[in-house]
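What follows draws every value from the coordinates through simple rules; no lab data is involved. Note that this is a predicted model, so its numbers are computed, not measured. Every residue, glycine as well, gets a Cβ built from its backbone with ideal geometry; the counts of neighbours run over all protein chains shown.
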Amino acid sequence: MSAETIIRGYDPSRDYSDVHYNLNEAGLFDPDRDTATLLQTYASSVLVAETDGTVVGNVYASEGIMPIIFHLAVRESHRGHGIGSLLLRAAEDQLKRQGHPDAELFVDVTGKNYEALIRFYADRGYRNGDTYKSMWRILP
Ligand SMILES: CC(C)(COP(=O)(O)OP(=O)(O)OC[C@H]1O[C@@H](n2cnc3c(N)ncnc32)[C@H](O)[C@@H]1OP(=O)(O)O)[C@@H](O)C(=O)NCCC(=O)NCCS
């Protein structure tokens, strides 16, 4: 399937509904972060996988000083054909082009497939970080 899949930049004029679908199906959709407006603003940080005219997967590779990869998601009907690996590699390539020597990502340890996900990333060269615990707040 990956032979028919192209990885390209996010196009705000036509890709939002597919990306919304992919994130929602994967349980990753965040109504505050994943708005059409924010995706348009940061379009160059979003990569998509297109198969037969449909965006079946996406990943964000954050611009700026922190090299973070997140929201990797492939539509369930298209999983297991290498598309997630292609997207991950493309996100890494983008960060490398921006001058970053490494990449960081976060795995939800409460997710039901979390062990498969850890294996997926470990098989692709990622190592456990054990120094930091994530913290967050809503901005006032
Ligand atoms: C993780 C994910 C993007 C992989 O996409 P994919 O196109 O199936 O990936 P590939 O075909 O390149 O690789 C398949 C591998 O993913 C593994 N995998 C990782 N997470 C998995 C999951 N939640 N369910 C099933 N398989 C998973 C498979 O075991 C398989 O391993 P293998 O290469 O050793 O055989 C996809 O499973 C997904 O969208 N999951 C839900 C969203 C998610 O959890 N994203 C990560 C956020 S940190």
Computed for segment 2-123: size of charge dipole around the Cα centre, +1 on C-beta of each Lys and Arg, -1 on C-beta of each Asp and Glu, debye to nearest 20, value 140 debye
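Below 8 Å, C-alpha to C-alpha, sequence gap of six or more: please give me the relative contact order for the chain in percent.
Values: 167 pairs, mean separation 29.3, N = 140.
So the answer I get is 21 percent.
I need the per residue convex hull volume for segment 10-62, using only the alpha carbons, in cubic angstrom as a whole number. Working shown, then result.
Working: hull volume 3.7 nm³, N = 53.
With only Cα atoms used, segment 10-62 gives 70 Å³ per residue.
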So for R0 = 22 Å, FRET eff. of D52-R89 from the Cβ-Cβ r, to 0.05, ends up at 0.55
The chain, Gaussian network, Cα under 10 Å: of Y42, Y126, Y114, the residue fluctuating most is Y114
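Could you list E92, E4, E63 in order of exposure, starting from the residue whose Cβ has the fewest other Cβ atoms within 10 Å? Could the numbers behind the result be given before it?
Values: E92 19, E4 9, E63 14.
By the 10 Å Cβ count, ascending, the order reads E4, E63, E92.
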Going fewest to most other Cβ atoms within 10 Å around each Cβ, S85, S13 line up as S13, S85
Karplus-derived 3J(HN,Hα) from phi for segment 106-116 (6.51 cos²θ - 1.76 cosθ + 1.60, θ = phi - 60°), whole Hz, x at Gly and Pro, runs 10, 10, 6, 6, 9, x, 6, 9, 5, 5, 5
Trypsin sites (Lys or Arg not before Pro) in segment 94-140 lying in a DSSP loop, each with at most 11 other Cβ atoms within 10 Å of its Cβ, come to K112, R127, K133, R137
Using the Cα gyration tensor of segment 2-123, the equivalent ellipsoid's semi-axes, largest first and to the nearest Å, work out to 19, 18, 16
Computed from the beta carbon distance with a Förster radius of 25 Å, FRET efficiency for D130 and Q98 to the nearest 0.05 stands at 0.45
